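Let me begin by presenting the structure, written as structure tokens, before commenting on it.
The values are calculated or read from the model by the stated rules, or taken from the named source; none is laboratory data. Everything numeric in this text was worked out from a predicted model, so none of it was measured. We place every Cβ from the backbone using ideal geometry, glycine too, and count neighbours over all the protein chains shown.
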Amino acid sequence: MNISRGFVFFLLFTLIAASGCEKTNDVPRLKDEALATAKDYQQRFDELAHRSDAIGRRGNTLPPDTLNSADAQRVYRQAQAKLEEYRRNLQQAPTLVEAGVKSGRPEELHKLIDSLHDRFEDGVVETTSQLAAVESWIAAAELRRGAPRIAPAPPAPEPVTGDAAPADPGSAAPIR
């Protein structure tokens, strides 16, 4: 059997090229990324819910007219409603991820991850902004009422290195 050297190289090249073209399955990695993204946003919205609850408790300790501003009440209610809406929507994420996995198309999971980031990051920013506005209204009401302010933490002491000798009282610079 006389096989030409060119044919052998062609066959070898074809086998190497075919093995290099094999695509890896990104679907499991993308599934993990999508679920981790949803979990991260769930934690962020949980933290915002705790902040909202703290604002409600703080507002309850003030006289009833503290949040008498219709704007403050409206913004606080909007923040709470949006927060609950985003949290409910996040509960659907695992179902959406499984649908993307069943499609077997990585691009579907890429779109889902992008969608999660776009939608929920906007929600985090919007809700954080609304809660900050309500906190400002409460702080202003506390100031008007004359409530004691919480003193800022004292500055941290400067570190002592111990390598400088005590300064001579008559000298402006330490002696080394």
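Of all residues in region 104-122, those satisfying the criterion of being over 23 Å from GLN43 (Cα atoms) and surrounded by 12 or more Cβ atoms within 10 Å (Cβ to Cβ) are ARG105, PRO106, GLU108. Considering region 26-68, the residues that are of a type in the set (Lys, Arg) and modelled with pLDDT under 85 include one that is surrounded by the fewest Cβ atoms within 10 Å (Cβ to Cβ), namely ARG57. Among the residues of region 81-103, the one identified as more than 21 Å from the chain's Cα centre (by Cα), surrounded by 12 or more Cβ atoms within 10 Å (Cβ to Cβ) and among the charged types (D, E, K, R) is GLU98. Which residues, taken from region 97-147, are polar (S, T, N, Q) and either under 24 Å from ALA49 (Cβ atoms) or touching a helix residue (DSSP H, G or I) at 6+ places or on another chain (Cβ under 6 Å) (or both)? Scanning region 97-147 gives SER115, THR127, THR128, SER129, GLN130, SER136. Restricting attention to region 69-80, and to residues there that are of a type in the set (A, V, I, L, M, F, W, C), out of contact with any Leu (no Cβ under 6 Å at 6 or more places or on another chain) and surrounded by 11 or more Cβ atoms within 10 Å (Cβ to Cβ), which single residue is modelled with the highest pLDDT? Among those residues, the one meeting the criterion is VAL75. Is it fair to say LEU143 is at pLDDT below 85 and at negative phi? Yes, satisfied.
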